[in-house]
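One structure is given here, and the rest of the page talks about it.
The values are calculated or read from the model by the stated rules, or taken from the named source; none is laboratory data. If you're wondering where the values come from, they're calculated on a predicted model, not measured in any experiment. Every residue, glycine as well, gets a Cβ built from its backbone with ideal geometry; the counts of neighbours run over all protein chains shown. Just the protein is used for accessible areas: all its heavy atoms, side chains included, with ligands, DNA and RNA removed. Shrake-Rupley method; radii C 1.70, N 1.55, O 1.52, S 1.80 Å.
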Amino acid sequence: MKFIQTLKVAVIPVLTVLSLLSASNKALADYLTSQGSGGNSRYELWSTDDNSYYYLKIWSSEASPNSEAYYTSRAFTSTGEALIYFDCNYAGKNLPECQNVQ
């Protein structure tokens, strides 16, 4: 009987802490970094909570502000890379960097 009580006292706090740590990792969320527009499109630039990558949500400039994005880009390693992608593929800009953008 004492063994079970000791086990409960030792195991339950450890499991509780592990559970809280696990839940806190799952609660992390992406966040909006910037917004802009160009050509016939507008974008939101999003970052992961740890800034390990960025992605764009893109809408037609005529779309409702509350509508779902019609395109969500691949991941980029920097904000600059993401914005060049938008400028070259959606804003219609002819930048030297556009030759390397897909």
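Numbers for the structure displayed
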quantity	calculated
Qualifying positions in the range 49-70 - within 15 Å of Gly36 (Cβ to Cβ) and open to solvent by 70 Å² or more (accessible area, probe 1.4 Å)	Pro65
When residues of the range 36-49 are limited to those that are in a loop (DSSP other than H, G, I, E, B) and modelled with pLDDT of 90 or more, the one farthest from Ala91 (Cα to Cα)	Thr48
Test: Leu32 is surrounded by 14 or more Cβ atoms within 10 Å (Cβ to Cβ) and either aliphatic (A, V, I, L, M) or under 21 Å from Leu95 (Cα atoms) (or both)	no
Residue count for the range 71-102, restricted to those that are open to solvent by less than 60 Å² (accessible area, probe 1.4 Å), of a type in the set (Ser, Thr, Tyr) and over 15 Å from Gly38 (Cα atoms)	3
Given (1) at positive phi; (2) small (Gly, Ala, Ser); (3) open to solvent by 60 Å² or more (accessible area, probe 1.4 Å), number of the condition Gly39 does not satisfy	(3)
Qualifying residue in the range 21-35 (condition: out of contact with any strand residue (DSSP E or B) (no Cβ under 9 Å at 6 or more places or on another chain) and modelled with pLDDT of 90 or more)	no
Residue satisfying condition, being without any contact (Cβ under 8 Å) to a residue 60 or more places away in the chain, small (Gly, Ala, Ser) and assigned to a helix (DSSP H, G or I), within set Gly92, Gly80	Gly80
